[in-house]
């Protein structure tokens, strides 16, 4: 018989609420793992076409220029991609990272795969920081915190590798609580809280014109975004609603009252925000990464109540018999066991990452994680590297009675997570105040990729628009626009300074746009060193254009010189017409 001391029920109730608010459902972590792996693969696919241009010594940022430029790459940062400037070596690292992302996708040696993915994504990003946006920074931070979490606890190959005797009772809670879950949740919340702090302009806080100026920027705006300019009153409401959601919305994610439904509603609100950004603006994968990472907040309330109803509403689900469901699970498990596991054994055994066979797999249903895939009763387990422990005494008796409880992380993992959580809080605080981190501790930020600054359309949206024209003179006297070279198009394009009908489409992708934005902006060029850095990067682009063009042309079509011109178009209040200005950023001779 268990006796409870006075006040113990209250303490247990407080602890249970703390676990509910700051704990993560293992199913949510599994979905986060799958989405992060897919996002990494999408990033690689979208960037492999520019692999030589962006990551090799023959591209726009040779290694010699990168390592000497402390404005572009911190001296405390590192990158495995700097070991060689050849495109083949870069492709090799991309390939290894893709294999690790696939292992992470299916949950095969999940913690090791997540670490490798984080390491290589960090290295690839630091090889060319000029093509990164806020989405890239958020992706590497999510991967970092994922290393501390049991992402492979359910719906994974790691789950299949567990012996039934090593799994915890079937009715044990799916909830996982540690300081790593707290850190992951707060990292995502910091993105919104600190970007709200940065937005101090009157456009955000007084007159509500921020979205008007944002959507007036043709470099980013889609057709839908341009159409919304016809509704200024709606844009004003959406401006204040966006700022309010960024400032107050994260608090709803930690609501102690009605935690399940309130948190789910907050997740839907943030996903809706980023869906709106995706529909109205071209900002790369930032909306996708920001929206998908919210799945880690989905509580057990969602999985145990909403998801079964959604499954029942799907065609054929309500009429499927128990035998039919079992046959379907057996068929999926057979395919995984027969084809997927041997394939991974072949791919990973040369690296010594695994044994050729999966131990402890006594039935096909074991791969499916027991009833984690089936009914709504939760199941939990301890997985490789999760550091899950069950205490003696009271906790063991509770488990014997099949009472729910939360999986817990190891002490070392908690201490590390707490240290890095405190560190990123101090880093964000340093970005918005006079607070500073001591130099020895500061070095850790760029070294691990923890440095972050959420200045997004802040303190005010940019009030300048424009497009790029790169006229080049050929030996035969003809003039061509070299902007098409970024599209891998080496045809003789006519030079025109007229505003393109589709400015977004005139630049190949978000990475090229970010790069052109860097060499164009003068907002932060307040020192001679900064201006010299920008001139060097422009010359790197001129050198790249000359070399790549002349490799594919001969005689009169050889390029002799070029200019990089930015056609500036200020964004004025509604009803006013701006004066367009041409700014020559670079004059470059190919004879250098």
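The values are calculated or read from the model by the stated rules, or taken from the named source; none is laboratory data. The shown structure was predicted, so the numbers you read here are calculated from the model rather than taken from an experiment. We place every Cβ from the backbone using ideal geometry, glycine too, and count neighbours over all the protein chains shown.
Residue under question is residue 80, and the condition is that it be modelled with pLDDT of 90 or more and within 20 Å of residue 519 (Cα to Cα); does it hold?
Numbers: modelled with pLDDT of 90 or more: yes; within 20 Å of residue 519 (Cα to Cα): no.
Considered against the rule, which asks whether it is modelled with pLDDT of 90 or more and within 20 Å of residue 519 (Cα to Cα), residue 80 comes out as no.
Is the stretch 172-179 home to any residue that is surrounded by fewer than 18 Cβ atoms within 10 Å (Cβ to Cβ), part of a loop (DSSP other than H, G, I, E, B) and in contact with a strand residue (DSSP E or B) (Cβ under 9 Å, 6 or more places away or on another chain)? Working first, answer last.
Residues of the stretch 172-179 that are surrounded by fewer than 18 Cβ atoms within 10 Å (Cβ to Cβ), as a first pass: none.
No.
Give the residues of the stretch 185-212 that are in a helix (DSSP H, G or I), buried (at least 19 other Cβ atoms within 10 Å of the Cβ) and more than 26 Å from the chain's Cα centre (by Cα), sorted by residue number.
If the condition is that a residue be in a helix (DSSP H, G or I), buried (at least 19 other Cβ atoms within 10 Å of the Cβ) and more than 26 Å from the chain's Cα centre (by Cα), then 203, 212 are the ones that fit.
Just one of the numbered conditions (1) within 28 Å of residue 590 (Cβ to Cβ); (2) surrounded by fewer than 19 Cβ atoms within 10 Å (Cβ to Cβ); (3) within 28 Å of the chain's Cα centre (by Cα) is not true of residue 498; which one?
(3)
Restricting to the stretch 253-268, give me the number of residues that are surrounded by fewer than 16 Cβ atoms within 10 Å (Cβ to Cβ) and more than 18 Å from residue 19 (Cβ to Cβ).
So the answer is 2.
Report, by residue number, each residue of the stretch 93-135 that is closer than 23 Å to residue 72 by Cα and assigned to a loop (DSSP other than H, G, I, E, B).
128, 132, 133
Residues are listed down the side, and each one gets a yes or a no for (1) over 30 Å from residue 236 (Cβ atoms); (2) modelled with pLDDT under 90; (3) outside the structural domain of residue 236 (by TED's automatic domain parsing):
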{"position": "533", "(1), (2), (3)": "yes, yes, yes"}
{"position": "544", "(1), (2), (3)": "yes, no, yes"}
{"position": "553", "(1), (2), (3)": "yes, no, yes"}
{"position": "558", "(1), (2), (3)": "yes, no, yes"}
{"position": "562", "(1), (2), (3)": "yes, no, yes"}
{"position": "565", "(1), (2), (3)": "yes, no, yes"}
{"position": "572", "(1), (2), (3)": "no, yes, yes"}
{"position": "576", "(1), (2), (3)": "no, yes, yes"}
{"position": "585", "(1), (2), (3)": "yes, no, yes"}
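Give 92, 142, 112 a once-over and let me know the one that is surrounded by fewer than 21 Cβ atoms within 10 Å (Cβ to Cβ), in contact (Cβ under 8 Å) with a residue 60 or more places away in the chain and not assigned by TED's automatic domain parsing to the domain that holds residue 540. Explain how you work it out, then say what you get.
Details: 92 fails: in contact (Cβ under 8 Å) with a residue 60 or more places away in the chain; 142 fails: surrounded by fewer than 21 Cβ atoms within 10 Å (Cβ to Cβ).
After applying the criteria, what remains is 112.
Can you give me the number of residues within the stretch 42-68 that are in a loop (DSSP other than H, G, I, E, B) and surrounded by fewer than 17 Cβ atoms within 10 Å (Cβ to Cβ)?
4
Any idea which of (1) over 25 Å from residue 56 (Cα atoms); (2) surrounded by fewer than 21 Cβ atoms within 10 Å (Cβ to Cβ) is the one residue 85 doesn't satisfy?
(1)
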